[in-house]
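S.K.: The following block contains the structure, expressed as structure tokens.
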Amino acid sequence: MAIAVITGSAGLIGAEAARFFAGKGLEIVGIDNDMRREFFGADASTIWSRQRLEEELTGYRHCDFDIRDQNAVLDLFQRYGKNVTLVIHTAAQPSHDWAARAPLVDFSINANGTLNLLEATRQYCPEACFIFMSTNKVYGDTPNRLPLVEQSARWELLADHPYGRHGIDESMSIDRTMHSLFGASKVAADVLVQEYGRYFGMKTVCFRGGCLTGPGHSGAQLHGFLAYLVKCAVTDTPYMVFGYAGKQVRDNIHSLDLVTAFWHFFLAPRSGEVYNIGGGRYCNCSMLEAIEKCQNLTGRKMRWSYSEANRAGDHIWWISDIRRFQAHYPGWSMRYDLDDILGEIFAAMEDRALRQG
């Protein structure tokens, strides 16, 4: 019996991974205590996602505890032992702003929680593949020093720059930069995951994601850019754009495309790896471009406003260079472009509204 332990199993990536790897024949043990509700309020709760997993996946086992609880983590891994062949760690406190309000909580979840999982894996299933969902925020605001050019609807990096044609690769330094406290706690976790791979020889990987998105996202103002934007468009809720003239650029990767990358790594794992992962040049947009697309979906103008104050440590322009991962795993490719993603999120929100009556 091969088991996948998935943290944040009711979240966007965790739930997608649970369904995908269950479909590949693995037994799924999910860990999720709906902290997203505590971070962002009732509207961001993932309880609906957990309920769907329990309805849809035969044999799905849910553990409603906190990854900061070292004894609970160790007990779970001891119980399943070497049957655990895969650990997918997606649980996190994901917001810059929330981290600044509660630094100790943020660090204990993102850094200490990750250490608990790594150590439990090392003790009880050291041959398991450990996949960590890191973030491009480990680079801090270094990308903002790039020679960006302002265009009519976006900031852009020209093709003659080393990062211009394909995006930012893993050579960018994580030092001498403002990360935000969230970024700093994720750096700590990222380095720990690398070290358990390099020092102990474990099969570990950090996927440094850009904007992760898809129909399973419980988007909130402080986290979940595209999902929250579509939600505001559908419900006619006012939306606030923070800084950079609304021309800041994000690349966006569908949760299934990301989980498929996990699958390829699982089939041929490496030790202490790091990959930038995101929509790359294939799937990216500015805020203004995304708003226009949402208006086209709903057929009406969005009620959005603008604040000159950007979020501290926020990126003006981020496009991931995904060529390193593609070179290691040439069988992987993305299926979903921006229109596909927005269309799926829109349909899922309508479906969820019908289910809720």
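The values are calculated or read from the model by the stated rules, or taken from the named source; none is laboratory data. The structure presented is a predicted model; accordingly, all values stated were derived computationally and were not measured. Positions of Cβ are generated from backbone atoms using ideal geometry, with glycine treated the same way; all protein chains shown enter the neighbour counts.
S.K.: Can you find a residue that is in contact with a strand residue (DSSP E or B) (Cβ under 7 Å, 6 or more places away or on another chain), under 20 Å from Gly11 (Cα atoms) and not β-branched (Val, Ile, Thr) anywhere in region 213-225?
M.R.: The answer is yes; a qualifying residue exists.
S.K.: Taking region 226-250 on its own, how many of its residues are part of a loop (DSSP other than H, G, I, E, B) and farther than 25 Å from Ser152 by Cβ?
M.R.: Qualifying residue count for the region: 2.
S.K.: Please count how many residues of region 68-90 are within 20 Å of Val193 (Cβ to Cβ) and polar (S, T, N, Q).
M.R.: Counting residues in region 68-90 that are within 20 Å of Val193 (Cβ to Cβ) and polar (S, T, N, Q) gives 3.
S.K.: Restricted to region 193-202, and to residues that are surrounded by 20 or more Cβ atoms within 10 Å (Cβ to Cβ) and out of contact with any helix residue (DSSP H, G or I) (no Cβ under 6 Å at 6 or more places or on another chain), which residue is nearest to Gln93 (Cα to Cα)?
M.R.: By that ranking, first place goes to Val193.
S.K.: Answer with yes or no whether Ile47 is surrounded by 23 or more Cβ atoms within 10 Å (Cβ to Cβ) and either aliphatic (A, V, I, L, M) or within 26 Å of Val274 (Cα to Cα) (or both).
M.R.: No.
S.K.: Taking Val259, is it closer than 20 Å to Asn136 by Cα, hydrophobic (A, V, I, L, M, F, W, C) and in a helix (DSSP H, G or I)?
M.R.: Here the answer is yes, as Val259 does meet what is asked.
S.K.: Sticking with this structure for a sec: Would you check which residues across region 156-165 are closer than 14 Å to Gly280 by Cβ and touching a strand residue (DSSP E or B) at 6+ places or on another chain (Cβ under 9 Å) and list them?
M.R.: Once the filter is applied, which keeps residues that are closer than 14 Å to Gly280 by Cβ and touching a strand residue (DSSP E or B) at 6+ places or on another chain (Cβ under 9 Å), region 156-165 yields Leu157, Gly164.
S.K.: Condition first: surrounded by fewer than 17 Cβ atoms within 10 Å (Cβ to Cβ), modelled with pLDDT of 95 or more, closer than 17 Å to Asp251 by Cα and in contact with a strand residue (DSSP E or B) (Cβ under 8 Å, 6 or more places away or on another chain). Can you find one or more residues in region 339-350 that meet it?
M.R.: Yes.
S.K.: Taking region 170-218, which residues are β-branched (Val, Ile, Thr) and in a helix (DSSP H, G or I)?
M.R.: Matches in region 170-218: Val187, Val191, Val193.
S.K.: Looking only at region 22-38, which residues are surrounded by 24 or more Cβ atoms within 10 Å (Cβ to Cβ) and either assigned to a helix (DSSP H, G or I) or modelled with pLDDT under 95 (or both)?
M.R.: Residue satisfying the conditions is Arg36 alone.
S.K.: Looking at this structure, is Cys294 more than 20 Å from His96 (Cβ to Cβ), in contact with a helix residue (DSSP H, G or I) (Cβ under 7 Å, 6 or more places away or on another chain), free of Cβ contacts under 8 Å to residues at least 60 places away in the same chain and surrounded by 18 or more Cβ atoms within 10 Å (Cβ to Cβ)?
M.R.: no
S.K.: Hand me the list of helices (runs of 4 or more DSSP H) wholly inside region 67-122 holding 2 or more residues that are buried (at least 17 other Cβ atoms within 10 Å of the Cβ), in contact with a Ser or Thr (Cβ under 7 Å, 6 or more places away or on another chain) and at pLDDT 95 or above.
M.R.: Output list reads 103-107.
S.K.: If I filter region 298-311 for residues that are loosely packed, with under 14 Cβ neighbours inside 10 Å and either β-branched (Val, Ile, Thr) or without any contact (Cβ under 8 Å) to a residue 60 or more places away in the chain (or both), do I get at least one hit?
M.R.: yes
S.K.: In region 143-169, which residues are out of contact with any Lys or Arg (no Cβ under 7 Å at 6 or more places or on another chain), more than 23 Å from His179 (Cβ to Cβ) and surrounded by 15 or more Cβ atoms within 10 Å (Cβ to Cβ)?
M.R.: The answer is Glu156, Gly164.
S.K.: Now, a different point. Taking only region 251-274 into account, find how many residues are over 19 Å from Arg335 (Cα atoms) and of a type in the set (Phe, Trp, Tyr).
M.R.: Qualifying residue count, region 251-274: 1.
S.K.: Let me ask something additional. Could you run through region 123-136 and say how many residues are part of a strand (DSSP E or B) and aliphatic (A, V, I, L, M)?
M.R.: The qualifying residues number 2.
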